[in-house]
Amino acid sequence: MRRLLDSNLVFFIESDFVYMPLLLDPSIDREARALSEARGPTRKRAPTGENIIIRQDGMQFVKTFNLFSLVNNFKAINAHEYHRMREACLHQYRLNGDADNVFGDEMLNRILFLILPHFIKTSRGWQRSRPSREELLDFIVSKIDIPPKYVADAAAFLDLQPLENILKSMDDQKPALQPPAGGVLTSSELSAWLQEAVQANILTSEYARLSRALKLRRQLLRAKPEHIALFLYIADFGSIEIAGFGFARMKSPRDYLVYKRTGEYVLKDYYGRPYLFPDCRVAVSTYAPARPFVMEKYKHPFLRGYQSNQEICMKPVETSGKPSPETIIRSLEEGITALRYGYDPRRRNGYHSLDKTYIYIPTITFEEYRI
Amino acid sequence: MDLLQSIKSKRAKQKKKDPVARDVFTRVGWIVRQNGLDEGFLRMLDPAANDAWQTRLGAARVRLKTRTELPLFFLATQEEYRLIRAILRAVDNPYLEFANTPDEILWCRYLFRLNPAIPQDRLIRFHFETLVLHEQDKVGGGLAGVPPPGTGKRNLSP
């Protein structure tokens with residue numbers, strides 16, 4: 001598309017359709033002539049967009065694509081350019097950032113309100129079987145040192161006036177998407193029109209987003225500012241950790257790695273000699289089948305090598321599609337149990353054994369962990 | 001051959017892939033685009049100008065055939081299409097299918113007049129100017145109005 005717009009071609013516009021110069025070979029020429037003869041020489045061309053071929057100033061143009069189809073699908077056609085134009089447009093209206101999306105992030109809500117309570121134990125224990133959202137958020141806020149910047153941002157977030165002003169100004173300036181005037185158009189003119197049209201399209205889609213954001217913020221007016229600050233903090237950093245349990249956002253905005261620390265633990269070899277294993281994080285992703293793995297560079301009889309992100313050798317938890325909170329909890333627990341209690345020194349199960357066997361093939365050794 | 005084998009061999013032949021044949025329009029179109037030819041080339045194809053151009057065949061030389069990779073098909077702009085059609089009208093002979101350069105298009109008509117039955121393999125392997133020299137040597141001085149080329153028979157065996 002970029003090559004087309006950067007070319008020095010001349011286009012013809014009729015009824016929102018782009019007609020491009022017709023390229024010929026003998027069969028196309030025959031078809032074009034047949035088409036022209038079938039239509040009849042005397043019939044006047046009506047600008048309805050039904051004409052396949054248009055003759056203008058000795059040139060022939062053939063019907064190709066609809067201009068509005070190009071504008072509506074520009075994101076798929078030229079993702080890089082669309083992203084650049086969108087960023088410029090958002091910057092103009094101060095709409096950058098991901099703060100609004102984090103409140104509607106379903107996976108984040110599941111992690112905070114369904115998975116986290118399972119792994120966190122308060123000093124008094126939860127008073128009821130299931131704590132309320134408010135209680136949970138209060139607890140998390142008490143455990144995390146949120147920088148004052150986010151508390152100030154939360155106050156600004158709940159101030160709806162600027163957002164309402166922007167929406168009002170966009171209402172006034174919202175450009176109407178007008179097709180270019182029919183007739184011959186150069187590629188530079190078409191390119192300029194396309195820029196304007198895509199910008200108008202972006203603004204329309206962002207207008208909807210902004211309206212949604214305003215609606216959401218109105219709903220959050222009764223929320224505590226420190227809770228809003230917590231969500232803004234998560235939107236920026238993408239991760240928190242409380243008492244060995246934590247999560248980290250992946251590159252994709254609504255996918256997370258949920259993890260739990262094992263703490264230090266001791267395993268014994270065939271001869272009863274103890275080995276102290278260091279702490280590590282056992283994680284499960286929310287976007288793929290729930291298979292627990294160790295995030296750090298780590299070695300263990302149930303890990304194939306000595307590197308990071310190794311899957312733990314165990315029977316996988318049955319899931320279909322994205323894992324549910326229950327599956328994630330079960331996978332994490334089974335992963336930690338496998339590392340801490342799964343090794344049987346008599347059977348020497350797993351990829352490696354802690355002690356050197358009679359037929360010893362040096363692979364991974366655990367001598368430095370011996371105590 | 002029994003019926004079963006006959007059917008099998010017939011189907012095998014049907015399945016065999018044939019290379020796509022490039023037509024003469026594709027060949028001439030490609031030459032026009034690659035060499036940026038314009039209406040001026042048509043003037044060189046004019047019979048009078050063409051014969052005068054051939055008189056420049058002075059020094060005996062064996063030119064190598066340029067190898068070209070033709071596209072499967074050729075779509076021309078309207079100017080190119082007009083030019084290609086004009087060339088096809090002007091040089092209407094079967095040797096045009098073997099021309100690889102504008103030079104060869106110019107030699108095409110004269111070569112056909114000298115010998116209309118040159119085998120295909122020679123047309124594919126040798127430049128038309130070389131073939132003209134060879135044919136002129138054979139007829140001993142060429143056609144009327146065209147000066148004889150250099151002396152001696154030329155051996156075209158590779």
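Coordinate-derived values only; no laboratory data. Keep in mind that this is a model prediction, so the values were computed, not measured. Methodologically, a virtual Cβ is constructed for each residue, glycine included, from the backbone with ideal geometry; neighbour enumeration extends over all protein chains shown.
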For a quick check: with amide H placed at 1.01 Å from N, whose amide H comes under 5 Å from A:M250's, ignoring anything fewer than 5 positions away on the same chain?
A:D255, A:Y256, A:L257
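Averaged over B:78-89, how many beta carbons belonging to a partner chain fall within 10 Å of each residue's beta carbon?
2
Could you work out the Kirkwood radius for the protein assembly as shown, taking every pair of different alpha carbons, averaging 1/r and inverting it, reported in Å?
Details: mean 1/r = 0.0307 Å⁻¹.
That comes to 32.5 Å for the protein assembly as shown.
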A:K251: which aspartates and glutamates have alpha carbons under 17 Å from its alpha carbon, excluding same-chain residues fewer than 8 sequence positions away?
A:D98, A:D105, A:E106, A:D236
Quick query: amide H of A:I240 versus all other amide H atoms, modeled in the peptide plane; which residues come in under 5 Å with a sequence gap of 5 or more or a different chain?
A:F247
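Counting other C-beta atoms within 10 Å, which of A:D236, A:D172, B:D38 has the fewest, and how do the rest follow?
With the fewest neighbours first, A:D236, A:D172, B:D38 line up as A:D172, B:D38, A:D236.
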For A:V266, B:V32, which order do you get if you count the other beta carbons within 10 Å of each Cβ and list the fewest first?
A:V266, B:V32
Cα-derived Rg to Rh of segment B:21-139, Kirkwood definition:
0.95
Using a 10 Å cut-off around each Cβ of peptide A:12-24, what is the average number of partner chain Cβ atoms that fall inside?
2
Calculate the mean, over all residues of peptide B:67-77, of how many other protein chain Cβ atoms lie within 10 angstrom of the residue's Cβ.
2
In terms of the alpha carbon gyration tensor, root eigenvalues a ≥ b ≥ c, rounded if a/c is under 1.5 and otherwise prolate when a/b exceeds b/c or oblate, segment A:2-72 is oblate
Specify, per residue and in Å³, the volume enclosed by the convex hull of the alpha carbon atoms belonging to segment A:204-255.
103 Å³
So, over other residues within a Cβ distance under 13 Å of A:P147, counting Lys, Arg +1 and Asp, Glu -1, the net charge is -3
Report, by chain and number, residues whose modeled amide H sits under 5 Å from the one on A:Q56, excluding near sequence neighbours (fewer than 5 apart, same chain).
A:F61
Using DSSP to call loops (not H, G, I, E or B), can you name the trypsin sites (Lys or Arg not before Pro) in segment A:226-322 whose Cβ has at most 11 other Cβ atoms within 10 angstrom?
A:K251
Which entries of B:K10/B:K65; A:K315/A:K356; A:K75/A:K297; A:K75/A:K322; A:K75/A:K149; A:K75/A:K215 have Cα-Cα distances beyond 29 Å here?
B:K10/B:K65; A:K75/A:K297; A:K75/A:K149
Positive-end residue, the protein assembly as shown charge dipole about Cα centroid, Cβ charges, pick of B:L111, A:L4, A:A88
B:L111
